[in-house]
1. Determine the sum of side-chain charges near B:ILE52: Lys and Arg each +1, Asp and Glu each -1, restricted to other residues whose C-beta is under 13 angstrom from that of B:ILE52.
2. Using a label position 7 Å from Cα in the Cα→Cβ direction, what is the ascending list of nm distances from A:ASN364 to the same site in the other copies?
3. Testing the spin-label approximation: label points 7 Å from Cα along Cα→Cβ at A:ARG86 and B:SER91. State their distance in nm.
4. Give me the extension gain from B:ALA371 to B:LYS242: residue separation times 0.36 nm, minus the current Cα-Cα distance, reported in nm with one decimal.
5. Go through segment B:394-404 residue by residue and turn each phi into a ³J(HN,Hα) via Karplus (6.51, -1.76, 1.60, θ = phi - 60°); whole Hz please, and just put x for glycine and proline.
6. Suppose the chain between A:ASP100 and A:LEU234 were pulled fully straight at 0.36 nm per residue; how much longer would it get relative to their current alpha carbon spacing?
7. For labels at A:SER346 and A:VAL402 in the simple 7 Å Cα→Cβ model, what's the distance in nm?
8. I'd like the distance separating the alpha-carbon centroids of segment B:360-426 and segment B:159-225, in whole Å.
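Every number in this text was worked out from the coordinates using simple rules, so none of it is lab data. Bear in mind that the values here come from a model prediction, so they are computed numbers and not experimental data. Cβ coordinates were reconstructed from backbone atoms using ideal geometry, including for glycine residues, and neighbour counts include every protein chain displayed.
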Number of protein chains: 2
Amino acid sequence: MSDTSQPGPGNLFYAQSGGVTAVINASACGVIETARQHPDRIGKVYAGRNGIIGALREELIDTSHESDSSIAALRHTPSGAFGSCRYKLKSYTENQTEYDRLIEVFRAHDIRYFLYNGGGDSQDTANKVSQLSVKRGFPITCIGIPKTVDNDLPLTDNCPGFGSVAKYVAVSIREAGLDVASMCESSTKVFVMEVMGRHAGWIAGAAGLAAEKEGDAPHIILFPEVAFDRQRFLKKVERCVKKFGYCAIVVSEGARYEDGRFLADAGGKDAFGHTQLGGVAPFIANMIREALGYKYHWAVSDYLQRAARHIASAMDVEQAYAMGKAAVDFALSGKNAVMPTIERVSNAPYQWRVGEAALSDVANVEKPMPASFIADDGMSITAEAREYFLPLIQGEDYPPYVDGLPQYASLQHRLTEKQLPDWLEV
Amino acid sequence: MSDTSQPGPGNLFYAQSGGVTAVINASACGVIETARQHPDRIGKVYAGRNGIIGALREELIDTSHESDSSIAALRHTPSGAFGSCRYKLKSYTENQTEYDRLIEVFRAHDIRYFLYNGGGDSQDTANKVSQLSVKRGFPITCIGIPKTVDNDLPLTDNCPGFGSVAKYVAVSIREAGLDVASMCESSTKVFVMEVMGRHAGWIAGAAGLAAEKEGDAPHIILFPEVAFDRQRFLKKVERCVKKFGYCAIVVSEGARYEDGRFLADAGGKDAFGHTQLGGVAPFIANMIREALGYKYHWAVSDYLQRAARHIASAMDVEQAYAMGKAAVDFALSGKNAVMPTIERVSNAPYQWRVGEAALSDVANVEKPMPASFIADDGMSITAEAREYFLPLIQGEDYPPYVDGLPQYASLQHRLTEKQLPDWLEV
């Protein structure tokens with residue numbers, strides 16, 4: 001009897017991959033809660049300890065030890081509750097043994113479903129495992145679950161994780177903008193907030209939602225997509241300060257010069273080649289002070305923005321959960337090597353449904369932000385962009401608080417017994 | 001008939017001073033709503049446009065044009081809705097004309113109550129105006145309203161504005177800590193978050209609330225009160241990474257060396273005396289990378305922390321409002337040259353009441369954080385500190401949202417007609 005014809009339920013392996021988000025655990029919650037509804041089809045749900053590394057090391061968290069309430073709490077818990085990793089499997093030709101090891105581990109634990117929650121790299125890995133497992137005589141159903149604050153996966157209208165960062169940055173620049181507005185007569189006139197987005201301006205663009213009428217913060221957005229033009233930028237800063245009394249700026253960490261050099265890197269070296277310490281926000285702020293003499297403040301929210309579950313978008317949480325649930329549904333309905341997607345049906349009212357994409361079409365493709373999202377001046381967003389972004393930040397989904405602090409899930413992380421020799425390569 | 005014996009209600013002048021907070025407008029709300037309940041005693045409530053500068057320039061916002069609902073919305077609006085300023089009146093002997101001008105403006109607009117919402121400097125100014133107005137034959141009732149995120153006013157258990165920053169930093173380091181914990185196996189191992197507090201570690205200390213059990217973030221807090229010891233610090237970072245897999249650090253912008261130099265300044269110059277751009281967070285992060293080689297991330301939340309009305313402490317909002325209300329009550333009951341204070345009655349359950357302090361005792365005195373709040377290792381807080389901080393972050397007081405974004409008050413800012421010649425000195 002071959003492994004694949006084993007009677008009874010098979011086990012499911014779930015792993016989180018890459019940079020975590022405020023809602024990736026909501027996807028995990030969707031996976032585990034849905035799997036628990038099908039004990040006839042799915043036995044145990046194992047989660048990779050620190051993502052795919054956990055599979056290679058055979059460190060499988062047995063989630064059956066976690067109570068229903070702990071699993072439910074994942075829905076409102078930021079970060080990767082099982083651990084994530086930045087570990088990209090090498091190409092199959094380069095390192096066949098890694099793929100073989102994965103399949104060996106899956107076989108040893110009767111894992112017949114592999115659900116991989118991550119970005120483009122991860123979908124590529126899941127796709128390869130799917131193909132290879134057939135060749136190895138232990139076919140595994142591989143389903144991707146989209147995740148990335150960068151919003152750069154193709155074939156899905158948006159990525160879970162993005163909506164909550166979008167909400168965080170729009171709320172934050174609105175609040176800080178009001179702060180500066182109230183101080184600008186005698187003190188700070190320029191505020192610069194740096195946001196994530198090394199390759200595309202999705203996050204920076206979403207901050208533009210805060211500006212609903214003329215004069216609202218942010219007044220200027222610096223996108224990676226638009227080559228930085230020092231003169232035009234400084235001119236607009238000056239115009240804003242003269243007109244509104246202050247200027248609130250959102251700058252993407254990926255903002256760059258015509259020749260492709262990041263501003264952050266330009267700021268990162270002084271004339272003697274010494275590494276400087278700041279990011280792009282202090283670089284921009286300092287440029288303004290030197291050219292225009294305005295008093296400035298700057299902020300770099302870094303991980304705070306992607307971890308900010310306290311101000312998550314309810315829509316984002318809902319979609320993240322739905323993607324996890326759909327992945328299990330797909331697996332049980334016999335689909336393979338696919339990823340559930342978010343399909344936008346309409347903008348007003350916003351309606352969406354679960355779609356489906358082949359992993360081979362998703363893998364390693366980056367979706368750029370449309371040029372039509374950036375206004376002619378290159379420093380603000382268009383009505384079309386606003387129409388796209390706005391539904392994604394709808395609703396608040398507050399975590400429970402005890403004693404003034406949000407209560408996030410704390411899991412037991414009990415590993416299942418190893419069946420194989422140690423793997424020493426990661 | 002002298003001015004002071006005028007029949008009917010006198011007008012009230014309210015001004016916001018210094019750095020704004022998430023809840024200073026809640027105090028304004030308390031002032032205006034309470035004043036509106038006493039039309040027999042208080043005529044108009046004028047607010048200084050951009051604080052005391054508005055009084056000197058005779059730019060008085062007539063709040064009677066603002067609807068009840070606009071005034072109510074101040075309770076959930078961050079920043080200074082009427083504008084604040086960093087403008088300290090010179091000493092009376094240095095610049096008598098400024099004080100005389102204030103009293104002249106107050107007389108011209110029949111302002112008999114002066115409520116000044118600020119820190120120690122402001123209380124000093126209010127006290128002097130009170131004294132001088134008697135000499136000038138137009139006695140003005142002067143009441144201070146405490147405000148400062150720095151929590152450094154004496155004679156009050158805490159300052160409105162502080163509790164909300166405390167909550168923001170504790171929530172933020174908890175969330176970012178979970179993020180790093182989930183990535184540390186293969187990626188970022190150290191996270192550094194810079195918080196406000198140039199002179200005292202109140203805010204940095206409050207972040208310590210997030211660490212409820214061993215291993216919780218933050219693992220290290222760097223206080224202005226404890227001379228920075230590079231070796232001991234790096235040793236603890238290394239110990240945390242080895243024990244917990246990562247290290248989450250909160251550093252006060254006021255962290256300094258034994259000789260009093262700020263770490264931020266040390267980081268601010270390179271060997272050639274060029275100004276570097278970062279704050280203390282990137283400086284610390286870079287120090288760790290150089291010494292220990294860990295991958296790091298850092299955040300500087302800057303104004304985001306004090307403007308973060310979306311995660312304000314309900315207790316802070318309640319107390320800020322109560323201070324505004326009490327100031328009006330004090331004025332109407334014939335008190336003068338005093339400031340309402342927050343008196344802590346008990347910790348468990350937390351109980352507090354409105355107290356009273358003479359402005360002369362508050363003016364220009366900075367309250368340090370008690371040494372007993374800092375644990376023996378100099379890098380964490382004691383149980384006593386926790387007992388003090390915890391009640392101040394209790395409760396959430398979410399602003400209303402429309403279309404995914406918080407809706408903050410937008411006032412008309414209609415100025416009352418000038419009666420006096422222009423004042424050209426500010």
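1. So the surrounding residues net to 0.
2. 7.0
3. 5.6
4. Extending this stretch completely gives an extra 43.5 nm.
5. So the Karplus estimates, Gly and Pro as x, are 5, x, 10, 9, 6, x, x, 10, 10, 6, x Hz.
6. Length difference between fully extended and current span is 42.7 nm.
7. Distance between the two pseudo-spin positions: 4.4 nm.
8. 18
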